[in-house]
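Contents: one structure, followed by commentary.
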Amino acid sequence: MESNGEPPNKAPAVVTGAAAAVPGGGMDFLSRLPDHLLVDILLRLRTKEAVATTVLSRRWRCIWAQLPHPFFDGVHPSVPARALAAYEALAASEAHAAADIQSLAVSPDQVDARETFAWLSLAAPLLCGRLHLDDSRAVSDEMVELFRGRRRRHDGEAFEMPCFRRATEIRLHLGFLTLELPRVGVFDALRLMRLQNFQSRGQFLISDTMLPSLQELTMSGVRDMNVLTLNSKSLVSIDLSYLMGLQRLHITAPGLHQLEVVRCFYDSLKPVASITAERLEVFRWNGPYDLESVHLGEMPCLQTLGAPPIDTHRWRGFQMAQICAGFLGRFTAVDHLELDMTLGVSAFSSSWIQLFLRSPLGLKLCNVIHEHKLFSP
């Protein structure tokens, strides 16, 4: 399938029957097809197989670079970098530039910070849509135990995320690598960002300066993030869960409609937080709460409230009850209350019920699970 130098988009000669190949070693019939048909053929292959067609002839070297949604699944972490480097070279050298990447998905078979940074840096100027990195298949049981413990991964496995100026969504499952946001740059078009299973270097800041269009933020399974500051006029939804080591949380988001803080402040029974969100409609707080150190601004639009759970079977059950009662005492009325309550038979069960019923929250509670019966005050 050697090319004889014909222009890529030249109309194919009319051939019939067995005369599909051009006599004398010219371009084969398949290679004579226009680019959009060849791209349609490659779309039916896995991305790494589509990239391999570049060895067929010069005619095929620029075709795969027109794929709008490359997906590298189960590959060595160096493969996306090599492919994107070739993509970048084609875009600069061919008569017709490579198309923008509308979405890019990578699921490597190993976790490697250096290779991850390499292909992310190459993808940053090319991507105009969604980015999805999933390192979960490469995470070993040993890495999970390391993450749950208190030891830090060595600094050689940290990397700084490059700036994706045109990306609209970023979803990263980082396999417990250490991540930093870029020191400079603006993610102009980014509307959704989900960061899972990574380590931080103490402080993490998200603001309008870097992310002026961000509407949805999810952060889950984070170690060593001591201080998290979110200052955004565009954020509509924030979901924070399992931020282990978090000590201070500061949120200023005047347009925020939904906020979930679930299982954060692992190492502190007295978290420090300040939340200003005047338009908040849904608020769930599952974790330690202290009236003196957690400052919640006015929430006149609040409709749904999720309170800290209660389980009197646990050794700190009464303390959990006090935390919940203190949290509920901050609110006077909402339309819908979500409360996970398990009451076991104990010396302080009746005392807790009285404490809870004295809460100023003017709502009827139902379906509170008792060890032996259903309790409905």
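Hey, can you find the accessible area per residue of the range 181-248 for me, probe 1.4 Å, expressed in square angstrom?
41 Å²
Roughly how much of T218 is accessible, in Å² to the nearest 10, using a 1.4 Å probe?
30 Å²
Probe radius 1.4 Å, ligands and nucleic acids left out: which of F265, F117 has the largest accessible area, and how do the rest follow?
F117, F265
Using only alpha-carbon positions, what ratio does the radius of gyration of the range 146-284 give when scaled by 2.2 N^0.38 Å?
Taking the Cα Rg and dividing by 2.2 N^0.38 Å, one obtains 1.00.
What do you get for trypsin sites (Lys or Arg not before Pro) in the range 213-261 restricted to DSSP loop and a cutoff of at most 15 other Cβ within 10 Å of the site's Cβ? Provide the component values of the computation, followed by the final result.
Details: sites: R223, K233, R248; in loops: K233.
When the trypsin sites (Lys or Arg not before Pro) of the range 213-261 are filtered for loop state and at most 15 Cβ neighbours within 10 Å, K233 remain.
The values are calculated or read from the model by the stated rules, or taken from the named source; none is laboratory data. This one's a predicted model, so the numbers in the text were calculated from it and none came from an experiment. Glycine gets a Cβ as well: all are built from the backbone with ideal geometry, and neighbour counts include every protein chain shown. Note: accessible area is taken over every heavy atom of the protein model, side chains too, but ligands, DNA and RNA are not part of it. Shrake-Rupley method; radii C 1.70, N 1.55, O 1.52, S 1.80 Å.
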